[in-house]
Amino acid sequence: MAAGQGAGPIEVRHLTTLEELREAVRLQKVIWGFEDIELLPLRLFVVAQKVGGQTIGAFDTGRMVGFLLAIPGLKHGKTMYLHSHMMGVLESYRNLGVGRMLKLKQREEALTRGIQLIEWTFDPLEIKNAFFNMERLGAVVRRFVLNQYGTTSSHLHGGLPTDRCVAEWYISSERVHAIVDRRAPERGQVTERIAVPANIAEIRTNEPRLAREIQAGISARFIEYFGRGLAVIGFEKTAEEGVYLLGPWDSE
């Protein structure tokens, strides 16, 4: 269990009161810098609770320092899954394992309902998120969406189109069991790689035109490789770059 900055460990639990849900709404602005019009409203959090979604919070001595919101989804063929729409952690609490705790709580609750799949989208330029999704949770990626949310007001997006990878987390698969238990999973054959510069955040801020060129090139390669039936099956980091590892993948 992660240690907090207060007197005890971080507590992760389901949000139950309107006051807690309002605090999750407020944290969106703190974490992402969204304008009010782009905030997920309180009513969505309330509805998510009532229709089979999830609202989960992380607390340090009673103070909410992170949250997660998921809503139910239905695949073709009537397969139930969860779309994990938003997860955020206060900057001062990152790198403490809080995000992983939120996701493992999400997985634990989903498994009690017989749910096997959780999906979410993420920015492929965010190297730390990619490493977390692939190597700390065991997700895979087989789909890519161009400019999913349009251009937003968040400083984290740097005015770029919101191109997104779709993470698929098969929460009862052997791959995920191995990673959750901190064992090395069988990765499979890597046939292609997509590199992202480690200093992409600086490039976004100081050279937006170059950042857009890098983003467009990376997006084109994802679309090409996914069109060939490949999947992201791993991720590597060096001081210079983060690298998506792609290869054949069969769902378990």
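The criterion of being of a type in the set (D, E, K, R) and within 16 Å of the chain's Cα centre (by Cα) does not hold for Arg13. Enumerate the pairs (first residue in region 73-87 and over 13 Å from Ala139 (Cβ atoms) and in contact (Cβ under 8 Å) with a residue 40 or more places away in the chain; second residue anywhere and surrounded by fewer than 16 Cβ atoms within 10 Å (Cβ to Cβ) and not small (Gly, Ala, Ser)) with beta-carbon separation below 8 Å, excluding pairs fewer than 6 apart on the same chain, so at least 6 apart or on different chains. Hits for this filter: Gly73/Met80; His85/Leu40; Met86/Leu40. Against the conditions (1) assigned to a helix (DSSP H, G or I); (2) in contact (Cβ under 8 Å) with a residue 40 or more places away in the chain; (3) basic (Lys, Arg), Arg209 satisfies every one except (2). Checking each residue in region 6-29 for being touching a strand residue (DSSP E or B) at 6+ places or on another chain (Cβ under 6 Å), part of a loop (DSSP other than H, G, I, E, B) and surrounded by fewer than 16 Cβ atoms within 10 Å (Cβ to Cβ) picks out only Gly6. In the set Glu202, Glu207, Glu174, only one residue is farther than 28 Å from Leu39 by Cα, more than 18 Å from the chain's Cα centre (by Cα), at pLDDT 90 or above and surrounded by fewer than 15 Cβ atoms within 10 Å (Cβ to Cβ); that residue is Glu174. Here region 54-76 is the region considered, the condition is being of a type in the set (A, V, I, L, M, F, W, C) and touching a His at 6+ places or on another chain (Cβ under 7 Å), and the residue that is farthest from Ser92 (Cα to Cα) is Ile71. Restricting attention to region 58-97, the residues that are in contact with a helix residue (DSSP H, G or I) (Cβ under 6 Å, 6 or more places away or on another chain) and not hydrophobic (A, V, I, L, M, F, W, C) add up to 2. Looking across region 106-122, the residues that are farther than 27 Å from Gln148 by Cα, in a helix (DSSP H, G or I) and not hydrophobic (A, V, I, L, M, F, W, C) come down to Glu108, Glu109, Thr112. Go through the residues of region 100-120 one by one and say whether even a single one is among the hydroxyl-bearing types (Ser, Thr, Tyr) and within 20 Å of Val30 (Cβ to Cβ). No, every residue in region 100-120 fails to be among the hydroxyl-bearing types (Ser, Thr, Tyr) and within 20 Å of Val30 (Cβ to Cβ). In the condition set (1) modelled with pLDDT under 95; (2) closer than 23 Å to Arg113 by Cβ, Leu15 is compliant with all but (1).
Within the set Gly138, Gly159, Gly150, Gly99, the sole residue that is at positive phi and buried (at least 19 other Cβ atoms within 10 Å of the Cβ) turns out to be Gly138.
A quick yes/no check of all residues on (1) within 17 Å of Val145 (Cβ to Cβ); (2) assigned to a loop (DSSP other than H, G, I, E, B):
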| site | (1), (2) |
| --- | --- |
| Ala201 | no, no |
| Arg204 | no, no |
| Ala220 | yes, no |
| Ile223 | yes, no |
| Gly229 | no, yes |
| Phe235 | no, no |
| Tyr244 | yes, no |
| Asp250 | no, yes |
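The values are calculated or read from the model by the stated rules, or taken from the named source; none is laboratory data. All figures in this text were calculated on a predicted structure; none of them were measured in a lab. Heads up, the Cβs are rebuilt from the backbone with ideal geometry, glycines too, and the neighbour counts pull from every protein chain shown.
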